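Undergrad: I'd like to ask some things about the structure below.
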Amino acid sequence: MSLSAPGRTEAGHPASTAGARRVATIAFTAQGVSVAAVYTTVPAVTEHLRLAPLLTTTMMVAVALMAGGGSFVGLAAIRRAGPVATMRGALLTAAAALTLIGWAPDTKTVICAYILFGIAVGALDVAVNTRAAAIERAYGRSIFGSFYTAWSVGGVAAALLTAAAARLQWPVSAGLTVQAGVLLALTICIRTHLLAPSEGPSDTPAQPPLGRRVWSRLLPFGLVLLVVYVVDSTVSAWSAVYLRQTLAASLTVAPMAYAAYQAGTVVGRAATDRLVQRFGAVAVVRTAALSVSGALVGMAAAPGWPFAVLAAGAVGLGASVLAPLCLASAARLRPAASEAILARLNLFNYAGVVTGGAVSGLLGSTGQFRLAYAAPAVLAVLLLVGARHFTRPPQATQGAVPPKS
C-alpha cells in the first residue's frame with residue numbers, strides 16, 4: 001500500500017485528491033463488473049446445475065439479504081482499517097466468490113458461493129460510497145454521477161464478456177474465472193491517497209451519535225432508494241432470464257438487455273453532474289422518475305427481445321441518476337458520519353433488491369414476467385413525491401482551489 005504525498009498537480013491542484021478520485025473510479029468500475037458477472041450468468045448457472053426456478057429466485061434473494069448484512073461488515077471494516085483497505089478486501093472476496101460460483105460442483109456449493117458474494121458486495125458498496133462522499137466534499141460540487149458512470153461501464157463490459165463467452169461456447173466456469181481475473185487486475189490498481197484535512201474527513205471516520213432527527217430526515221431518501229432498487233433488481237437480476245424464457249432469446253442474446261440497461265446508465269450518469277448543476281437535483285429526479293415509468297411499461301409490452309433490449313436501455317437512462325443523487329444528498333445530512341449514514345441507507349437499497357428480485361422471480365417462475373415489469377412502473381411514479389428532499393452539494397470553501405477533474 002502506498003500513500004501519496006499531498007503534492008500538487010501541474011495545474012496547482014491537490015494531487016492526493018485527484019488520485020483519490022481515480023482510485024474510487026476504479027473501485028466503482030470493479031463493483032459494476034462483479035454485479036454484472038453474477039446477474040448475467042444466472043441462466044447459464046441455472047442450466048448447468050439444473051436448478052429449479054424457485055431455487056434460483058431464492059438464491060438471488062439470499063444475495064441481497066447477505067449484501068444488507070455485508071454493509072455492516074463493511075462499516076466495521078471501515079472504522080478499523082479505512083474505506084480503501086475495505087475496498088481491497090471486499091473485491092478479493094468477490095473475485096473468490098465468482099470463481100467458486102463458476103466451478104461449483106453442486107447446489108450446496110453454489111448457494112454458499114452466492115452468499116459469500118452477497119456479503120462481499122455489501123461491504124464494497126458502503127466502502128466505495130463512503131469514499132465517494134468524502135471526495136465530493138473535497139471537490140465542493142456534484143461528482144457522484146461520474147463514479148456511478150464508471151460502475152455502469154464496468155457492468156456493460158462484464159455483460160458483453162458474458163455474451164462473448166456464451167457465443168464462444170465457453171463453460172460458465174471459464175467465463176466467471178475470466179471475470180474474477182478482471183476484478184483482481186482492478187484491485188491491484190487501488191492505492192491509498194490521503195485527503196487533506198481541509199478537504200474532507202480523514203480515512204478513519206469519526207463516530208458521532210446520529211440522533212433521531214437524522215433518521216427522520218434519512219427516511220425519504222431510504223424510500224426513494226427502495227423504489228429505485230426494486231426497479232434496478234427487476235431489470236438487472238431478471239432481464240437475462242426474461243429474454244431467455246419469455247422472449248425465446250439464445251444464451252448469447254440473453255445478457256444483452258442487462259448490457260443495454262447499463263449502457264443507458266452510462267449515458268445518464270455521465271450527464272448527471274452537469275444536469276444537476278444546471279437544473280437542480282429536484283428537477284432531474286422528477287424527470288427521471290417519469291422516464292423510468294414509461295420505459296418499464298415498454299419493457300413489459302415488448303413483442304420480442306430487440307424491443308425489450310431497447311426498453312431496458314431506456315430504463316437505465318432514467319434510473320441512472322437516482323441512486324447517486326440519493327446517496328450524495330443523504331451523506332450530506334451528517335458529513336462526519338457519512339459511513340454510518342450510508343451503511344444504514346443500504347438497508348433500504350437491499351430491501352428494494354430483495355423485494356424486486358423476489359417478486360419478479362416468483363412472477364417469472366409462473367410465466368408472468370411481463371407483469372413483473374409493469375408493476376414497478378407504478379412505483380416509479382411515486383418517486384415524484386420524494387424528489388423535493390434532494391439537495392445540491394455545498395460549494396467549495398471560499399478561496400480554495402477545487403481539485404482538477
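Undergrad: Between Gly140 and residues 5 or more places away or on another chain, which pairs have amide H atoms under 5 Å apart, with H built 1.01 Å from N, and which residues are they?
TA: none
Undergrad: Hey, another quick one. No solvent, one uniform scatterer per C-alpha: report log10 I(q)/I(0) for the stretch 13-132 via the Debye equation at q = 0.10, 0.19, 0.23 1/Å, two decimals.
TA: Debye intensities relative to I(0), on a log10 scale: -0.32, -0.94, -1.23.
Undergrad: Report the rotationally averaged projected area of the stretch 98-179 based on its alpha-carbon convex hull, in square nanometres.
TA: If I average the Cα hull's projected area over directions, I get 6.1 nm².
Undergrad: Sort His389, His193, His48 so the one with the fewest other Cβ atoms within 10 Å of its own Cβ comes first.
TA: So the residues, fewest neighbours to most, are His48, His389, His193.
Undergrad: Enumerate the calculated ³J(HN,Hα) couplings along the stretch 155-163 in order (Karplus 6.51 cos²θ - 1.76 cosθ + 1.60, θ = phi - 60°), each rounded to whole Hz, writing x wherever the residue is Gly or Pro.
TA: x, 4, 4, 5, 5, 5, 5, 4, 5
Undergrad: Enter the angle in degrees (range 0 to 90, nearest 10) between the Cα long axis of helix 281-300 and the first principal axis of the Cα atoms of the chain, meaning the one along which they spread out most.
TA: Once rounded, the angle reads 10 degrees.
Undergrad: At 0.36 nm per residue, and after removing the present C-alpha to C-alpha distance, how many nm does the segment from Arg141 to Thr287 gain when stretched out fully?
TA: Going from the current span to full extension adds 50.4 nm.
Undergrad: A further question follows. What full-extension length gain, to one decimal in nm, is calculated for Lys108 and Ala76 as 0.36 nm per residue of separation minus the Cα-Cα distance?
TA: 8.7 nm
Undergrad: Can you sort Val73, Val267, Val292 so the residue with the fewest Cβ neighbours within 10 Å comes first?
TA: Val267, Val73, Val292
Undergrad: Hey, another quick one. Work out how far the C-alpha atoms of the stretch 78-143 reach from end to end along every principal axis, then list the three figures in whole Å, largest first.
TA: 50, 25, 13
Undergrad: Sticking with this structure for a sec: Between 0 and 90 degrees, rounded to the nearest ten: what's the tilt of helix 338-365 against the longest Cα principal axis of the chain?
TA: 10 degrees
Undergrad: Quote to one decimal, in nm, the extra length available between Glu47 and Leu310 on full extension: 0.36 nm per residue of separation minus the C-alpha distance between them.
TA: Taking 0.36 nm per residue and subtracting the Cα distance, the gain is 92.1 nm.
Undergrad: So what's the convex hull volume per residue for the Cα atoms of the chain, in Å³?
TA: 123 Å³
Undergrad: Calculate the dipole size of the chain relative to its Cα centre from +1 charges on Lys and Arg beta carbons and -1 charges on Asp and Glu beta carbons; express the result in debye to the nearest 20.
TA: That gives the chain a dipole magnitude of about 880 debye.
Undergrad: I need the P(r) histogram for the stretch 67-107: all alpha carbon pairs, bin width 5 Å from 0 out to the longest distance, whole percents.
TA: Percent of pairs per bin, in order: 6, 22, 23, 19, 13, 10, 5, 1.
Undergrad: Output the relative contact order of the stretch 100-199, whole-number percent, from Cα pairs under 8 angstrom with separation of 6+ residues.
TA: In percent, rounded to a whole number, it is 35.
Undergrad: Here is a follow-up. Calculate the tail of P(r) for the stretch 238-379: the fraction of all Cα-Cα distances greater than 24 Å, expressed in %.
TA: Cα-Cα pairs of the stretch 238-379 separated by over 24 Å account for 36 percent.
Undergrad: Starting from the Cα of Arg191, step 7 Å along the direction of its Cβ; do the same at Phe279; then give the gap between the two resulting points in nm.
TA: Output for this residue pair reads 3.9 nm.
Undergrad: Roughly what angle does helix 53-81 make with the longest principal axis of the chain, taking Cα atoms, 0 to 90 degrees, to the nearest 10?
TA: Rounded to the nearest ten degrees, it is 20.
Undergrad: Percent relative contact order of the stretch 4-149, based on C-alpha pairs within less than 8 angstrom and at least six residues apart?
TA: Result for the stretch 4-149 is 31 percent.
Undergrad: Starting with the fewest neighbours, write out Leu384, Leu161, Leu183 ranked by other beta-carbon atoms found within 10 Å of each beta-carbon.
TA: Leu384, Leu161, Leu183
Bear in mind that the values in this text are calculations on the coordinates, not laboratory data. Note that the structure is predicted; figures quoted are calculated from it, not measured. Cβ sites come from the backbone with ideal geometry, for glycine too, and all protein chains shown count toward neighbours.
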